[in-house]
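Chemist: Pasting a structure here, questions to come.
What follows draws every value from the coordinates through simple rules; no lab data is involved. Bear in mind the structure is a predicted one, so any value in this text is a computation, not a measurement. Glycine also receives a Cβ, built like all others from the backbone with ideal geometry; neighbour counts cover every protein chain displayed.
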Amino acid sequence: MNDADAVFAALADGTRRELLRAIATSGPTTATQLASTRHITRQAVAKHLSVLSDAGLVSGHRDGREVRFHADTEPLAAAREWIDATGAAWDRRLGRLRDLLNGPE
Amino acid sequence: MSDTDTDTDTPTDTTSVDTTSVERSVVLDADVETVIEALTDPDLLSTWLGDWRTDDDGDVVRTDDGVDRRVERVEAEFPGAVHWRWSPLSAPDATSDVVFVVSREMDRARLTVTETRSASWVGCLLTLGAVLASRHLVAA
């Protein structure tokens, strides 16, 4: 799974998008704080944070007994790169299709 | 009216990119039926798109970036169109829609392909982008 795929997979879930928005808006926060204002358990929040963290969208830093998470923007650029890579891929594919159908020049 | 000829260096005659999708278009020396066949016949797909195989769960194509993609056929909205929804086997949630539209252009065929990422993440990117931009403005 490349970077963009990990980002897209992480963002495919509505709860994770909402958590990411909350972290991006409120600044560094903990799994406990995130769970306290939602109808989900701290464990469920931690699981979502782990997926977001694997995608590089949040990172956790230890603060005493808690881990505080903040949002990272870098992977969003990787997501945008998907557009460039996908365009280049279709250029290659359609080039081969044209060679196939048009025959040798 | 398009009067573009084929003697260009790139296979792409028109290009457009927005935040949600990628579109490419090419004119082919073939009739519409032949192009449709190249989009639906596994042997032909294997020659230009990537190794095409069928397993118990359906169709999988290995594209030239080495990614195995599960291809789900979606009913096209009109004749002359082929619609897939595909996603890497390694990231089943990262789906995108691939729509091919084939139309007759003089005695040849124009093929336009559009690949669109599922809407959910685009909405998220826009929302998050706006949130982060406003925070950066405040911070600056």
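Chemist: Check B:Thr95: other-chain or 5+ apart residues with amide H under 5 Å from its amide H, H built from backbone geometry?
Modeler: B:Ser118
Chemist: If you find the alpha carbon centre of segment B:94-119 and of segment A:1-47, how far apart are they in angstrom?
Modeler: Distance between centres, Cα-based: 35 Å.
Chemist: Compute the signed sum of charges (Lys and Arg +1, Asp and Glu -1) over the other residues within less than 11 Å, Cβ to Cβ, of A:Thr29.
Modeler: -1
Chemist: With the Cα gyration tensor of segment A:3-102 giving a ≥ b ≥ c as the square roots of its eigenvalues, does the rule (a/c under 1.5 for rounded; else a/b larger than b/c for prolate; else oblate) give rounded, prolate or oblate?
Modeler: Prolate, because a/c is 1.5 or more and a/b exceeds b/c.
Chemist: Collect residues whose amide H, placed 1.01 Å from N in the peptide plane, falls under 5 Å from the amide H of B:Val71; neighbours closer than 5 in sequence don't count.
Modeler: For B:Val71, whose amide H was placed from the backbone, the distant partners under 5 Å are B:Asp59, B:Val60, B:Val61.
Chemist: Report, in debye and to the nearest 20, how large the dipole of segment A:3-102 comes out about its Cα centre when Lys and Arg carry +1 and Asp and Glu carry -1 on their Cβ.
Modeler: It works out to roughly 300 debye.
Chemist: What are the ³J(HN,Hα) couplings of segment B:93-100, residue after residue, when phi is run through the Karplus curve with 6.51, -1.76, 1.60 and θ = phi - 60°? Round to Hz, x for glycine and proline.
Modeler: 7, 7, 7, 9, 9, 10, 10, 9
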